[in-house]
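Each remark here refers to the structure printed beneath this line.
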Amino acid sequence: MKVLVLNGPNLNLLGKREPEVYGSQTLTDIIDALTIEAQQLNITLSHLQSNREYELIEKIHESANEIDFIIINPAAFTHTSVAIRDALLGVAIPFVEVHLSNIHKREAFRHHSYLSDVACAVICGMGAKGYSFALQSASQFAIKD
Ligand code: DQA
């Protein structure tokens with residue numbers, strides 16, 4: 001099974017970015033640990049972090065017929081991007097939305113997500129473990145031939 005992990009803007013700053021909100025692990029730490037976990041689950045993992053909306057959208061488009069399941073932390077695009085929602089619907093790849101922080105405990109503008117109602121599941125407030133839980137759920141939700 002092939003799983004793509006997508007991380008949106010500013011998540012390249014993890015480790016130094018508001019550690020009291022997002023934790024002390026860097027994105028490399030998180031993806032390295034997830035890659036080992038994926039190997040144990042017989043999953044091939046690929047990853048893209050981008051600060052550019054169009055790069056995330058193009059990666060989603062390229063994933064059609066290639067990727068079985070997407071784990072996405074759209075970061076600030078969660079609250080703004082109809083385009084990422086449409087891309088995910090366009091390729092019809094099941095996905096889980098992950099947030100490190102509990103967006104519902106934070107500012108009102110973070111409470112709405114353009115993705116949640118079309119996601120298989122939403123995990124928030126679990127820190128980096130959220131990615132691991134999403135990975136463990138991949139076989140349950142992934143496209144099967
Ligand atoms: C985030 C929450 C978003 O509101 C924020 O813009 C982020 C990170 C999270 O992982 O908690 O950049 O997606």
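The values are calculated or read from the model by the stated rules, or taken from the named source; none is laboratory data. No experiment lies behind these values; they were computed from the predicted model shown. Methodologically, a virtual Cβ is constructed for each residue, glycine included, from the backbone with ideal geometry; neighbour enumeration extends over all protein chains shown. Accessible surface areas use protein heavy atoms only, side chains included; no ligands, DNA or RNA. Shrake-Rupley method; radii C 1.70, N 1.55, O 1.52, S 1.80 Å.
The per residue volume of the convex hull around the alpha-carbon atoms of region 41-129 is 99 Å³. Using a 1.4 Å probe on the protein heavy atoms, what percent of the accessible area of the chain belongs to carbon and sulfur? Of the solvent-accessible surface of the chain, carbon and sulfur hold 50 percent.
Separation of region 74-145 from region 1-51 is 14 Å, based on Cα centroids.
For region 1-83, the list of GluC sites (Glu not before Pro) that fall in a loop by DSSP and count at most 11 other C-beta atoms within 10 angstrom reads 66. Ordering 128, 93, 28 by Cα displacement along the dipole of the chain toward the positive end leaves 128 in first place; charges were set at the Cβ atoms of Lys, Arg (+1) and Asp, Glu (-1).
Under the criterion of Cα pairs below 8 Å and six or more residues apart, the relative contact order for the chain equals 27 percent.
Excluding the site residues themselves, the longest part of the chain lacking any trypsin sites (Lys or Arg not before Pro) in a DSSP loop with at most 16 other Cβ atoms within 10 Å is 53-105.
The residues of region 26-117 expose, per residue, 50 Å² of accessible area to a 1.4 Å probe. If only the Cβ of Lys and Arg carry +1 and only the Cβ of Asp and Glu carry -1, the dipole of the chain around its Cα centre is close to 320 debye.
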